[in-house]
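Asks: My structure is below; once you've seen it, I'll send some questions.
FYI, it's all coordinate maths here, none of it is from the lab. Model, not experiment: these values are computed from the prediction. Neighbour counts run over all protein chains shown; Cβ positions are idealised from the backbone, glycine included.
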């Protein structure tokens, strides 16, 4: 049972009331701000899913494949077989868990870790992207495709909720809360210790009875399932899926960057990462694409500049803030508290 | 029947034969010293028993069951605990967590979460480390890290403990202390011990029997005093001129 602190309760209430605050303060552009919030929540969920395994040194660049499998399976089953996403999403999730285990098993048995694991999973992402592009008759190739509309407006059967932004917000919020709950559940499990131990020393971990391969497969399966679910819901919200937006290396890299930026070892790290990256890319996009000077100077290349800035920031983060924004802040707070405690002891002593 | 029976054990790494048809038995309740100079194959035998290396040939029978080529975690679950020659703590976890996870996974998760913390405290107490050890492993010296290795192995509740060169890197007083600890583990917990060591002095006073290895082969099995009197053993350890 998770007990909520007063701060957490205030946070939850604030999140529940947020759409109304947006309506009150930004009535004119309510849809845009809600869209930003929904994006942040959906990506937070996907990032949290990745961080479940990322925090144990399993740096996967393959999660763009899992989000893609989740999104495409759901949409294709709906468009071509008329299968409701209520069933399509579970199929997508199971499919992506199977793929994760197929790729994971040989990697973990042969002890492919670190850079090599990243490369293996990178190949997976590219494989899935090529499949999507190759099956263009169904998937729309690199242009992407849309789930077939089911009537006008919101539909429970077709899981189409995008026309109602407030409803979409709560869908995204529920998903995000589920992600945080899962993170905490893993963090408080014994498996967490097994994976921390295996990350440090696989032989020593095995010598105290840990089945390293099994533990890694469990967390990989869970992480893939969450990303597939996130990808599918994202597709349902956007009402569009494309290799660039939900299924490719770009997605994989965004996930890794956001989580590292936010903080890999704290529950809200991936969320802070999502807030940071979404706001950053939005500001850069609006700023750069709206700047006449930049357009005159670089032409249409200015459109790609936000990605370049993104890359540069990633390098800076890895070098100067390896614990991420939230991780670093919490460390500072911890240090200041310790200093204050020591001072208090010194005064009383 | 012996608790552990090793017969015809051979381990080759490419063209190099590290262990050649080694056979010996470990009786329940004894402390057996596995000794020999550096490179004599002690650690290789040890790692074959613990499942880290699959043997090239031969059999390893523990409590009537063939365990050669089982994975290390399975062997741990069968009731064999091990330490590493060079301590390998999980540096990203606290002392207590290091030992608690061993208690939990060492018994294949058949122990409740609250029990594993209690077992961890017990194991830490047994080796003389603080039981409220919430700190990390960074500040620990060689002797404390050895103790942690031992506590981790004990927490898995083994019936047979494989202790790998426990005394390496310790000063004289610490060596005496470590030897005493192994004796106490046998006495209080009834754990059978195979002690791999190349420092002979302290070991000889604690073990019941020794198996002496040289170049991957057994050159003597017997009581410690037999080994100390044996020409071949002295020659291996001190060179041919010491015999003459």
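Asks: Please compute the Kirkwood hydrodynamic radius over the stretch A:240-307, one decimal place, Å, based on all pairs of different Cα atoms.
Replies: 13.3 Å is the Kirkwood radius here.
Asks: Taking every pair of Cα atoms in chain B, average 1/r, invert it to obtain the Kirkwood radius, and report Rg/Rh to two decimals.
Replies: Reported Rg/Rh, Kirkwood definition of Rh: 0.97.
Asks: D for the stretch B:87-157, whole µm²/s, Stokes-Einstein with Kirkwood Rh over alpha-carbon pairs at 20 °C and 1.002 mPa s: what number?
Replies: Translational diffusion coefficient: 186 µm²/s.
Asks: Report, in cubic angstrom per residue, the convex hull volume of the C-alpha atoms of the stretch A:106-183.
Replies: 177
Asks: Largest first and in whole Å, give the semi-axes of the stretch B:1-48's equivalent ellipsoid, each being the square root of 5 times a Cα gyration tensor eigenvalue.
Replies: Working through the eigenvalues yields semi-axes of 22, 13, 7 Å.
Asks: While we're on this one: If contacts are Cα pairs under 8 angstrom and at least 6 residues apart, what is the relative contact order of chain B in percent?
Replies: Relative CO of chain B lands at 25 percent.
Asks: Suppose a student asked you for the relative contact order of chain A, using Cα pairs under 8 Å spaced at least 6 residues apart; what percent would you report?
Replies: Relative contact order of chain A: 27 percent.
Asks: Could you please rank B:90, B:24, A:108, placing first whichever residue has the fewest other Cβ atoms within 10 Å of its Cβ? Provide the component values of the computation, followed by the final result.
Replies: On the way: B:90 26, B:24 19, A:108 22.
The order, fewest Cβ neighbours first, is B:24, A:108, B:90.
Asks: Return the single residue from A:30, A:202, A:331 with maximal mean-square fluctuation; model: Gaussian network over chain A, springs between Cα atoms under 10 Å.
Replies: Of A:30, A:202, A:331, the most mobile in the Gaussian network model is A:331.
Asks: How crowded by other chains is A:210-223, given as the mean number of beta carbons from other chains within 10 Å of each beta carbon?
Replies: Mean inter-chain Cβ contacts per residue within 10 Å come to 2.
Asks: Just the Cα atoms of the stretch B:167-206: what Rg and Dmax do they give in Å?
Replies: Radius of gyration, then largest Cα-Cα span, for the stretch B:167-206: 10.1, 28 Å.
Asks: Next question, about the same structure. With only alpha-carbon atoms counted, please give the Rg and Dmax of the stretch A:55-180, in Å.
Replies: Computed over the Cα atoms of the stretch A:55-180, radius of gyration and Dmax are 16.8, 52 Å.
Asks: Scale the Cα Rg of the stretch A:134-277 by the rule-of-thumb value 2.2 N^0.38 Å and send over the ratio, two decimals. Walk me through the numbers on the way to the answer.
Replies: Values: Rg = 18.6 Å, N = 144, 2.2 N^0.38 = 14.5 Å.
Working it through for the stretch A:134-277, the quotient is 1.28.
Asks: Let me ask another. Using Cβ contacts closer than 10 Å as the measure, can you line up B:198, A:115 from fewest to most?
Replies: On the way: B:198 18, A:115 9.
Ranked by crowding around the Cβ, least crowded first: A:115, B:198.
Asks: Could you list log10 I(q)/I(0) for the protein assembly as shown at q = 0.09 Å⁻¹, which the Debye formula gives when each Cα is one point scatterer?
Replies: -0.82
Asks: Show that you can apply the helix-only estimate: for the protein assembly as shown, add -39,500 (n - 2.57) for every DSSP H stretch of four or more residues, divide by all residues, and state [θ] at 222 nm to the nearest 500.
Replies: Roughly -20000 deg cm²/dmol at 222 nm, from the helical runs in the protein assembly as shown.
Asks: Moving to a separate point now. For the stretch B:87-157, what's the relative contact order in percent, using C-alpha pairs closer than 8 Å and at least 6 residues apart?
Replies: Relative contact order comes out at 47 percent.
Asks: Taking chain A as a Gaussian network, where each spring joins two C-alpha atoms under 10 Å apart, which residue of A:271, A:220, A:307 fluctuates the most?
Replies: Judging by the Gaussian network model, the answer is A:307.
Asks: Could you tell me how far the Cα centroid of the stretch A:5-28 sits from the Cα centroid of the stretch A:189-230, in Å?
Replies: 36
Asks: If you don't mind, another one. Specify the angular offset, from 0 to 90 degrees and rounded to the nearest 10, of the alpha carbon long axis of helix B:172-189 from the longest principal axis of the alpha carbons in chain B.
Replies: 70
Asks: Here's something else I'd like to know. Among A:320, A:116, A:169, determine the one that fluctuates most according to a GNM of chain A built with springs between C-alpha atoms less than 10 Å apart.
Replies: Looking only at A:320, A:116, A:169, the biggest GNM fluctuation is shown by A:320.
Asks: Sorted from fewest to most neighbouring beta carbons within 10 Å, what does the list A:96, B:112, B:40 look like? Provide the component values of the computation, followed by the final result.
Replies: Numbers: A:96 30, B:112 10, B:40 23.
Placing the least packed residue first, the sequence is B:112, B:40, A:96.
Asks: Moving on. When the Kirkwood hydrodynamic radius is evaluated over all pairs of different C-alpha atoms of the stretch B:57-188, what value in angstrom, to one decimal, is obtained?
Replies: Answer for the stretch B:57-188: a Kirkwood hydrodynamic radius of 15.2 Å.
Asks: Quick one: what do you get for the stretch B:1-91 if you divide its Cα Rg by 2.2 N^0.38 Å?
Replies: 1.07
Asks: Scattering from the C-alpha atoms of the stretch A:193-236 alone, worked out with Debye: what is log10 I(q)/I(0) at q = 0.16, 0.34 1/Å?
Replies: -0.50, -1.08
Asks: Over all distinct Cα pairs, what is the inverse of the mean 1/r for chain A, reported as the Kirkwood hydrodynamic radius in Å?
Replies: Evaluated on chain A, it is 21.5 Å.
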